[in-house]
Amino acid sequence: MVQPAHTGYRPTLWERLADAPHPSVSFQSSFWHASAPPAPVTERLEGEVRTPLAVIGGGYLGFSTALHLAEAGHEVTLLEADEAGFGASGRNTGFAVPNLLTGLDPRVVREHFGEERGNLLCRMLGEGGELVFELIRRHGIDCQARQTGWMQPIHTAKKAAWLDDRIEQWKALGRPVQRLSRDEAVYETGSNQYHGAFLDPTGGHLNPLAYVRGLAAAAIRHGAKVFSGSRATRLERIGDVWRIETEHGVLIADRVLLTTNATGGGLAPEAEGTQFPITLFQVATEPLDPELRKSVLPNDRCSADTRKDLIAYRWTWDNRLVTGGLLANPLGSAERGRTHHIGRLQKLLPQLPELRVDYAWQGRLAAARDFMPRLMELGPNAWSAVACNGRGMTMTTALGRALSFWLSGGSNEGLPVPVTRPDPVLVPSLASLAFSLWLPLSRWHDARDLKEG
Ligand SMILES: Cc1cc2nc3c(=O)[nH]c(=O)nc-3n(C[C@H](O)[C@H](O)[C@H](O)COP(=O)(O)OP(=O)(O)OC[C@H]3O[C@@H](n4cnc5c(N)ncnc54)[C@H](O)[C@@H]3O)c2cc1C
């Protein structure tokens, strides 16, 4: 059942540590913020409003759910604490990846969820790139979208067998994925350090904040009510409705779906406790000579490799490179974040000139201990959905659509994830700390793998 209602936002010790040292790298300091079209105009919730269905959290998951419901003619009200895309959705690298993290292949998903549901989830995710770009076209979302393909190059020759297996698993699901040879991977990435690559031509890249703002605008145009600047601070069951309190208003809802990416600030502590936060640092360089595009990602694909501490990079429409990732020491300075990630990219792509960073920002994602999406029942007609796990743009967009079918009367069997009770980890902040200890270890693994070839 639902935990006692909490009020206010109480960051964990880990969140305080991770967020404190980088006040200069915020939502507003991102390249996406500097270049996205403005957010749709919305008001904050005031007074008492009634709704058949409340969605709490305005990222991809919340807005995809709201948009698909509104398009089908259902009444839905979305509450966002800050503004559309303020969470991970507005700060990520902008890769549309129809896949899961390394190590989570369709076989693992089937082992986790069973044959039928596992296949359903993989199909949903595999088609997620197509869905993202189709939504962009259908709703005229101006987000510099490029469906040029997502690549996962292998960083050692030894990974070739793993790559072949991953390709086969996705092909068996009917996905048009391709195996790039070593020469093709070197050409496509611009780095002679790669030994082959996974290519899904249905993926691509975009301005992530512009995309989520576009989803929000489309949801509003189709009749969804959206209140921003309206952090839900208390969730209570009263009789047969849910009472959701914000600082200035109250939303009374028959049904509630939390899509807060486990950053709800204690709104549903049990569900939030199933996730642990991971902070990622991002940088965008100054605009570079367009000639460099001939030797770095010449087909404008995006690339995220198979290292445990992976290297991801892409071009923007105005010839900047965007990269980023984890920082070993979250107490390190923002300056260190800039130099660390740029340094890695220059080592990978020695043809690049000395790079200067124009924009730096950070974002926080939520991950479950098994890195699998969850749909958790909080009480009668109340659920929390979290599907971030680091590669969530296509997953959350597609899951939002699936949730909209379910909330409009679909069966539990038709869902790509089971409805479960929250299974919190004992001490989520310790889980985050464990993750930060894992990072140096995984860097050591990466270095050893590279040495061994
Ligand atoms: C730096 C970074 C890089 C990444 N790169 C990629 C990538 O390239 N490709 C990819 O697929 N994925 C990437 N991810 C992951 C991806 O961004 C997430 O999976 C996805 O954005 C999750 O969407 P969401 O809607 O679940 O959550 P969010 O976007 O985090 O949305 C949750 C929203 O809920 C709101 N909220 C929280 N509490 C409350 C409350 N109490 N009341 C009201 N509102 C509330 C928040 O303000 C927030 O806007 C990255 C993540 C980060 C941080």
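Just so you know, all these numbers are worked out from the coordinates, no wet-lab data involved. Keep in mind it's a predicted model, so treat the numbers as computed, not measured. FYI the Cβ positions are ideal-geometry reconstructions off the backbone, even for glycines, and counts take in every protein chain you see.
A few points about this structure:
- Efficiency of FRET between TRP162 and GLU335 - r from beta-carbon atoms, R0 30 angstrom, step 0.05: 0.25
- Centre separation in Å (Cα based) which lies between the stretch 124-157 and the stretch 195-236: 13
- For the stretch 13-452, a simple Cβ point-charge model (Lys and Arg +1, Asp and Glu -1, everything else neutral) yields a dipole of about 700 debye relative to the Cα centre.
- Taking Cβ atoms as reference points and 11 Å as the exclusive limit, the residues near LEU441 contribute a net charge of +1, counting Lys and Arg as +1 and Asp and Glu as -1.
- By other beta-carbon atoms within 10 Å, ranking TYR194, TYR359 with the fewest at the front produces TYR359, TYR194.
- Helix 60-71 axis, angle to the chain major axis (alpha carbon atoms, nearest 10°): 60
- All lysines inside 19 Å of LYS158 as judged from Cα atoms, apart from same-chain residues fewer than 8 positions distant: LYS308, LYS451
- Taking the inverse of the mean 1/r over every pair of distinct Cα atoms in the stretch 13-452 gives a Kirkwood hydrodynamic radius of 22.0 Å.
- Treating r as the C-beta distance of LYS451 and GLU75 and R0 as 56 Å, the FRET efficiency rounds to 0.40.
- Listed by chain and number, the lysines whose alpha-carbon sits under 29 Å from that of LYS225, ignoring those within fewer than 8 places in the same chain, form an empty set.
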